[in-house]
1. How far, in degrees from 0 to 90, does helix 67-81 lean away from the longest principal axis of the Cα atoms of the chain, to the nearest 10?
2. Per residue, what volume in Å³ does the Cα convex hull of segment 7-95 take up?
3. Within segment 33-97, which GluC sites (Glu not before Pro) sit in a loop by DSSP and count at most 12 neighbouring Cβ atoms inside 10 Å?
4. What is the helix-to-structure angle for 112-126, meaning the angle in degrees between its Cα long axis and the longest Cα principal axis of the chain, kept from 0 to 90 and rounded to the nearest 10?
5. Past 23 Å, Cα to Cα: identify those pairs from K152/K181; K14/K38; K124/K149; K33/K60; K18/K176, in the order given.
6. Using alpha-carbon positions, what is the distance between the centroids of segment 22-45 and segment 156-200, in Å?
7. Counting only C-alpha contacts under 8 Å and six or more residues apart, can you give the relative contact order of the chain as a whole percent?
8. In debye to the nearest 20, how big a dipole does the chain give about its Cα centre with +1 on each Lys and Arg Cβ and -1 on each Asp and Glu Cβ?
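Just so you know, all these numbers are worked out from the coordinates, no wet-lab data involved. This structure is a prediction, so every number in the text was calculated from the model and none was measured. Using ideal geometry, Cβ is built from the backbone for each residue, glycine included, and neighbour counts are taken over all protein chains shown.
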Amino acid sequence: MANINKKELDDLLKIEGKIRGVVFHTDASYVLKKEGEKGLERLKNIVKDLGYQINYDNPKKTDWYPIGLRAISLILMKDTFGWSDKEIEEMGWNAPSFSFIIKIFMKFFVSISKIAEESPRLWKEHYWDIGELVPELHEDKKTLILRLKNFKVHPIICIYLAGYFKRVASLGIKSKKIECKETECIFKEGSCDEFRITWE
């Protein structure tokens, strides 16, 4: 754990905001798929040794947990397995496959316009009292802009969300060439986190 600063992790728990426990089920499912049972046990032991209350085995999926734990989970996964930013983005891409909340919203994912319309509500299903997702769709230009306001937790979540938003958008786009880029970042003097999704 050479890259881990315990104080910085502890400070994340001071950030106000809640997130659904389903994200920890998603994390465990992805680690199990990518690193196997030994990898998941290794992660759980590190989390336990550091003193964080993250239940990967049986999290209460609809309960609310501190948003800081979400960042801590991602940071520890990246450090434990030596993942790159690209692999964190790939994790975000895979996350909807494991989320029952996404499955509930699937009936709305018939088109990119419906996805854009429902995206603020989908955000609030995951993040209770932190962040506001504002969509701007330009279907004629094959572009969806998602602006995430009042959300400053940790840069690793921005990387994760780029993959996540790309995957959700792909459910309503009939194209195999989809890109999602963070074009503005609150951690890089931006006024918000802005994600631009484009397709051909």
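1. 70
2. Values: hull volume 8.1 nm³, N = 89.
Dividing the Cα hull volume of segment 7-95 by its residues yields 92 Å³.
3. On the way: sites: E35, E37, E41, E87, E89, E90; in loops: none.
Within segment 33-97, no GluC sites (Glu not before Pro) qualify (loop, at most 12 other Cβ atoms within 10 Å).
4. 30
5. K14/K38; K18/K176
6. For segment 22-45 versus segment 156-200, the Cα centre distance is 24 Å.
7. RCO, the chain: 22 percent.
8. Dipole magnitude for the chain comes out near 480 debye.
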